[in-house]
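This report concerns only the one structure given below.
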Amino acid sequence: MNLFNVYQLYDVTPVKANDIFVTDENNITFLDFYGGHGVISIGHGHPYYISKLKEQIDALGFYSNAVKNPLQNKLAEKLAKISGYPDYNLFLCNSGAEANENALKLASFYTDKKRVIAFRNSFHGRTSAAVSITDNPKIIAPINSCNPVTFLPLNDIDLVKNELDKGDVCAVIIEGIQGVGGLDEGTTVFFQGLEKLCKKYQVILILDEIQSGYGRSGKFFAHQYHQIQPDIISIAKGMGNGFPVGGILISPKLKASYGMLGTTFGGNHLASAASIAVLDIIEKEELIKHTQEMSTYFIERSKTISQIKNVKGRGLMLGLEFDFEISTLRKELIYNKHIFTGGANNKKLLRILPPLTVQKKHIDVFFESLKEILFDID
Ligand SMILES: Cc1ncc(COP(=O)(O)O)c(C=O)c1O
């Protein structure tokens, strides 16, 4: 049987990894400035994380959500404390798309409405409702296009108000910082405007922090730069450091009822143990403060390269914009300098998403390599 051929693969086969390094089958070691799509938060193969997962699988790997799982309560308690959302409730699932799917479902249950306001260049995942509010017609199948959605440009609050005035909107969904789209973000005035309008019209404000959350932006959630409190926050990626897990933080105004949401695997014992270990490490190693420091250093160094026209994003969720398309540059970085980076819908933008444990010496290697390649390209 062949694999369903949907991924255009780089010719690299990783077999092991440690912190910010990934080693392939030919024993070549790569510097990971991509974190496998922004997933690796606390570094590959963190010994504490591994020990906690091993401990858990020895004890109990899985049981369903039909019985009590105190690990989920422990995770919720830790998450409440570190995120600053003590009175929100947690629902656990398995991926980012699923988190958004459940967020939209809750919004629709709560308001008894179904139109969603999303933003141009958004990416919210590939399941039915999540993909329908993703601004990429190429990945929306006819069966997904039955959810009513309106895409608006970022930062035009009057257009949002016009749509909410129509009275049929259940949710406004926005990424803390756009990831796949290319690191654009709402202004503080815009985020605060959304919060105000959603309250006024009783529409649910969903913050997709799947990529920008868990410290990656230099705050636990990127929206915390704007002093707002959304009704639902979706999380995944960095939450499990590679263990598939996602979730939504839900405002107490949204009341639960039995059977309203559900999942077989969501929040299982291993997923919960992995997620608790990640939070322990973020806290113990002060990775959010470290992210801020490394971000400042990275941005300073990027200013010394004249071909970089713009640096976008925050924390360690950054984009380097050039005045040429970066696909060759990205290949050179991988094959000649052994550094993983990312691309975006914006073809001129190189996406930088290293583990939050990255250090100055790794950033130095990245910029020296980048300079050498740019010199050759010139
Ligand atoms: C902002 C955002 N939302 C949702 C998703 C979907 O997450 P998943 O691939 O885990 O379904 C992604 C994935 O890249 C994302 O970046």
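Brief remarks on what is shown
- Judged by the ratio a/c of the largest to the smallest principal axis of the C-alpha gyration tensor, region 216-347 counts as prolate, that ratio being 1.5 or greater while a/b is larger than b/c.
- Spin-label model, Thr188/Lys200: points 7 Å from Cα along the beta carbon direction are separated by 2.1 nm.
- Spatial offset of region 139-171 relative to region 331-353 amounts to 32 Å, using the alpha carbon center of each.
- Close amide H pairs (under 5 Å, H built 1.01 Å from N) link Asp208 with Ile174, Glu175, Gly176, Ser234, residues at least 5 positions away or on another chain.
- Expected 222 nm ellipticity per residue - DSSP helices of 4 or more, -39500 (n - 2.57), all of the chain, to 500: -11000 deg cm²/dmol
- Stretchable slack from Lys331 to Lys105, in nm (0.36 nm times residue separation minus alpha-carbon distance): 77.4 nm
- Among beta bridges that DSSP assigns inside the chain, antiparallel share in %, nearest 5: 60
- Neighbour-count ranking [beta-carbon atoms within 10 angstrom, fewest first] of His226, His37: His37, His226
- Unsatisfied cross-links (Cα-Cα over 19 Å) in the set Lys52/Lys81; Lys219/Lys312; Lys161/Lys200: Lys52/Lys81
- Amide hydrogen proximity for Ala344: with H placed 1.01 Å from N in the peptide plane, the residues at 5 or more positions away or on another chain lying under 5 Å are Leu349.
- Entry note, region 70-208: relative contact order of 24 percent, from Cα contacts under 8 Å with a spacing of 6+ residues.
- The mean sequence separation of alpha-carbon pairs under 8 Å and at least six residues apart, normalised by the residue count of the chain, gives a relative contact order of 23 percent.
- Gyration tensor verdict on the chain (Cα atoms; rounded if a/c is under 1.5, prolate if a/b is larger than b/c, oblate otherwise): oblate
Rule-based calculations on the coordinates, nothing more; no lab input. Not measured: the values here are computed from a predicted model. With ideal geometry, Cβ positions are generated from the backbone for all residues, glycine too; neighbour counts draw on all protein chains shown.
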